[in-house]
Amino acid sequence: TDLAVVMPRSIAMGFAAQGGHALIEPAFPLRDFEVSLHWSRRHQDDPAHGWMRQRIQASFSPDA
């Protein structure tokens, strides 16, 4: 495919380790960014929604 995506290096390295993906450093300065999660209160106690929030949070944690 000729598609591309910009994502954090730590996540991209996981895809590259599985094969079939190339890592190319962008030709522009990199900056830090903040990741925020927002959801409706009606989903607060939904177990599946909670699981997904935990997975997303773990993906962006410094220990990941």
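The values are calculated or read from the model by the stated rules, or taken from the named source; none is laboratory data. Quick caveat: nothing in here was measured; it's all calculated off a predicted structure. Here the Cβ is made from the backbone with ideal geometry for all residues, glycine too, and neighbour counts use every protein chain on show. Just the protein is used for accessible areas: all its heavy atoms, side chains included, with ligands, DNA and RNA removed. Shrake-Rupley method; radii C 1.70, N 1.55, O 1.52, S 1.80 Å.
Computed from Cα positions, the angle between helix 47-59 and the longest principal axis of the chain comes to roughly 30 degrees.
Over the chain, with a Gaussian network built from C-alpha contacts below 10 Å, which listed residue (Ala48, Ala17, Ala27) shows the highest mean-square fluctuation? Highest fluctuation among the options: Ala27. Each of Arg55 and Phe28 was given a label point 7 Å from its Cα along the Cα-to-Cβ line. The distance between the two points is 3.0 nm. Among the listed values (i) 0.99; (ii) 1.05; (iii) 0.93, the one matching Rg/Rh (Cα atoms, Kirkwood Rh) as calculated from this structure is (ii).
Only helical DSSP H runs with n ≥ 4 go in: add -39500 (n - 2.57) per run for the chain, normalise by residue count and round the 222 nm mean residue ellipticity to 500 deg cm²/dmol. Can you show the working numbers first?
On the way: 2 runs with 22 residues, N = 64.
Estimated from H runs of four or more residues: -10500 deg cm²/dmol.
Solvent-accessible surface (1.4 Å probe) assigned to Arg9 amounts to roughly 130 Å².
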